[in-house]
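Working notes, beginning with the structure itself.
The values are calculated or read from the model by the stated rules, or taken from the named source; none is laboratory data. It should be emphasised that the depicted structure is a prediction, and the values quoted were computed from it without experimental measurement. Here the Cβ is made from the backbone with ideal geometry for all residues, glycine too, and neighbour counts use every protein chain on show. Side chains are part of the model used for accessible areas, which takes the heavy atoms of the whole protein and leaves out ligands, DNA and RNA. Shrake-Rupley method; radii C 1.70, N 1.55, O 1.52, S 1.80 Å.
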Amino acid sequence: MTLAELENSKAQSLVEIAAAGDASAIEALRVKYVGRNGSIPALIKGMKDVPKEERPAFGKAVQAWRAEVEAALAAKGAGAGAEKGVEADLTLPGRWFALGAKHPLSRVIEETARIFGRLGFTVADGPELENRFNNFTALNTPPHHPSMDRSDTFWFDGDTLLRTQTSPVQIRTMMANKPPIRVICPGRTYRRDTTDATHSANFHQIEGLYVDTKPVSLADLKSVLAYFAHEMMGDGVTVRFRPHFFPFTEPSVEVDFSCHLCKGKGCRVCKDSGWIEVAGAGMVDPRVFKHVGYDHEKVSGYAFGFGVERIAMIKYGIPDIRWLYENDVRFLGQLA
Ligand code: PHE
C-alpha cells in the first residue's frame, strides 16, 4: 500500500464509522480496522516489506490512522448507547462492601500517640532485631541478669536478639539527639513466654522518655501518667505508684490504674484488688545517661513502658490475649 492509498483507506474508514447506525455495526467496524486481524494491525505487521527509506513516514501515517479510528469509534460508542436510550438504572440496589475496622492494638497505639502528642511527645521508632548493648548493656542490665538468659530472650547469636522491651529505642533516641527529648516508642517485643490467656511470646509495648537539662521529677512522671490514664480510660481513674526495681531507672515504680470497671471496688478484671498493673516506670538511672554519652550531672528524666495488650484488654474488656492475634472477624467486628 502506498502512502496515498493509505490516506484513501483512512478517509473511507472514517466515513464508514460516521455512518454506522448501531452498536453491532460499530463493533463490526472495530473488528475490521483495529481488531486483532484487522487491516491496521495487518499493515503494522507488514512494515518490514515497506522500503526502508519510506518506513518512518509510513509508520507514522499508520499510527495516525489507528488513533483517528479509535477516537472515532469511542465517540460513536458513547453516542450509540445514548441513542438507544441505555442509561443507568438508579433503582438498582448498591453494591455492599464489608468495611474493615482498626485492630484494637492499633487503636490503643494511635490513641496513645494522640494523647502524648498533646503534651509535646513525638513518636520514635526502632528495629525489632536489636543488639546486646541497646537492649541490655546500655540499660544498665548486669551481665548475668536472668532476663538475658536463653530461656527468656530469643537470641540469634551472642550479640543479636529480638528486643525484649521497647527500652532500647530510648538508647537509640538519646544517642542520636540532644536533650530536651520527649518521645514515645510503640512497637513489638518478644519474650520466650508460653502463650496463655494473659501471656504471649510476641506482644507490644509503648515506651516513654522525657529528658531535659531542667530538673525533671517523679511528680512530673506521675502527673503525665495520670493525664494519660484519664484520657485513655475516662473520668475517675486514678494512678498508684508502687516501689519496684528496674536496672535502668532509679527510683523505679510499678504503675497501677484504678480499675475503671468497678471504680476500685473490686471485680473479676482487677482480681478483686481494685487496681490494675499497667506499666513500669522511674527516673532514668545516671548510668544510662553515661552509656549514651550524656553528662548525668546536667540532665535528668523519666521513662515508662507499658503493655499495649494490657491496656486494650482493660479498655475493651477482652478476657483472653489470644483473641487479639486470631484475626477472627466475629471478634474484631464487635469493636469497630
Ligand atoms: N522495659 C520495662 C519492662 O519491659 C518497662 C519500663 C520501661 C520500666 C521504662 C521503667 C522504665 O518491663
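Yes or no, residue by residue, for (1) without any contact (Cβ under 8 Å) to a residue 24 or more places away in the chain; (2) among the polar types (S, T, N, Q); (3) within 30 Å of Gln334 (Cβ to Cβ):
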| position | (1), (2), (3) |
| --- | --- |
| Leu6 | no, no, no |
| Ala25 | yes, no, no |
| Val31 | yes, no, no |
| Gly38 | yes, no, no |
| Lys45 | yes, no, no |
| Lys52 | yes, no, no |
| Arg66 | no, no, no |
| Val69 | no, no, no |
| Gly94 | yes, no, yes |
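Restricting attention to segment 107-126, which residues are at negative phi, open to solvent by less than 50 Å² (accessible area, probe 1.4 Å) and either free of Cβ contacts under 8 Å to residues at least 60 places away in the same chain or not in a helix (DSSP H, G or I) (or both)?
Gly117, Phe121, Ala124, Gly126
Restricting attention to segment 139-181, and to residues there that are small (Gly, Ala, Ser) and open to solvent by 20 Å² or more (accessible area, probe 1.4 Å), which single residue is farthest from the ligand (Cβ to nearest atom)? Outline the logic, then answer.
The initial filter retains those residues of segment 139-181 that are small (Gly, Ala, Ser), namely 147, 151, 158, 167, 176.
Remaining after also requiring open to solvent by 20 Å² or more (accessible area, probe 1.4 Å): 147, 151, 158, 176.
Working: Ser147: 9, Ser151: 17, Gly158: 22, Ala176: 18 Å.
Out of the qualifying residues, it is Gly158.
With the structure loaded, tell me whether Arg310 is within 16 Å of the ligand (Cβ to nearest atom) and either more than 30 Å from Glu250 (Cα to Cα) or surrounded by 20 or more Cβ atoms within 10 Å (Cβ to Cβ) (or both) or whether it fails that test. Walk me through how you get there before you give the answer.
Working: within 16 Å of the ligand (Cβ to nearest atom): yes; either more than 30 Å from Glu250 (Cα to Cα) or surrounded by 20 or more Cβ atoms within 10 Å (Cβ to Cβ) (or both): yes.
Yes.
If you take the residues of segment 270-288 that are within 16 Å of the ligand (Cβ to nearest atom) and crowded, with 21+ Cβ neighbours inside 10 Å, which of them is modelled with the lowest pLDDT? Show your work before the answer.
If we filter segment 270-288 for residues that are within 16 Å of the ligand (Cβ to nearest atom), which is where we start, we get 276-288.
Restricting the remaining residues to those that are crowded, with 21+ Cβ neighbours inside 10 Å gives 276, 278-282, 284, 288.
On the way: Ile276: 89, Val278: 93, Ala279: 96, Gly280: 97, Ala281: 98, Gly282: 98, Val284: 98, Val288: 98.
Within segment 270-288, the match that is modelled with the lowest pLDDT is Ile276.
Answer yes or no as to whether Val292 is within 33 Å of the chain's Cα centre (by Cα), more than 11 Å from the ligand (Cβ to nearest atom) and modelled with pLDDT of 95 or more. It would help to see each step written out before you state the result.
Working: within 33 Å of the chain's Cα centre (by Cα): yes; more than 11 Å from the ligand (Cβ to nearest atom): yes; modelled with pLDDT of 95 or more: yes.
When the stated conditions are applied, Val292 passes them.
When you go through (1) of a type in the set (Phe, Trp, Tyr); (2) within 30 Å of Phe133 (Cβ to Cβ); (3) open to solvent by less than 70 Å² (accessible area, probe 1.4 Å) one by one for Phe331, which number turns out not to apply?
(2)
Out of all the residues in segment 200-220, which are surrounded by fewer than 23 Cβ atoms within 10 Å (Cβ to Cβ) and within 13 Å of the ligand (Cβ to nearest atom)? Please lay out each step first, then the result.
Initial filter on segment 200-220 (surrounded by fewer than 23 Cβ atoms within 10 Å (Cβ to Cβ)): 200-204, 212-220.
Passing the criteria: Phe203, His204, Leu218.
Go through segment 248-269 and give me each residue that's open to solvent by 20 Å² or more (accessible area, probe 1.4 Å) and either more than 16 Å from the ligand (Cβ to nearest atom) or of a type in the set (Phe, Trp, Tyr) (or both). If you could, list the steps in order and put the result at the bottom.
Going through segment 248-269, the residues open to solvent by 20 Å² or more (accessible area, probe 1.4 Å) turn out to be 248, 250-251, 254, 260-261, 263-269.
Phe248, His260, Leu261, Lys263, Gly264, Lys265, Gly266, Cys267, Arg268, Val269 - these are the residues of segment 248-269 that are open to solvent by 20 Å² or more (accessible area, probe 1.4 Å) and either more than 16 Å from the ligand (Cβ to nearest atom) or of a type in the set (Phe, Trp, Tyr) (or both).
Scan segment 279-336 for residues that are part of a helix (DSSP H, G or I) and of a type in the set (Asp, Glu) and report the count.
Initial filter on segment 279-336 (part of a helix (DSSP H, G or I)): 286-291, 308-316, 321-324, 329-335.
Next, from what is left, pick out any that are of a type in the set (Asp, Glu): 309.
Count: 1.
Hey, Ile184 hits all of (1) out of contact with any helix residue (DSSP H, G or I) (no Cβ under 6 Å at 6 or more places or on another chain); (2) open to solvent by less than 60 Å² (accessible area, probe 1.4 Å); (3) touching a residue at least 40 places away in the same chain (Cβ under 8 Å) but one; which does it fall short on?
Of (1) out of contact with any helix residue (DSSP H, G or I) (no Cβ under 6 Å at 6 or more places or on another chain); (2) open to solvent by less than 60 Å² (accessible area, probe 1.4 Å); (3) touching a residue at least 40 places away in the same chain (Cβ under 8 Å), only one is false for Ile184: (1).
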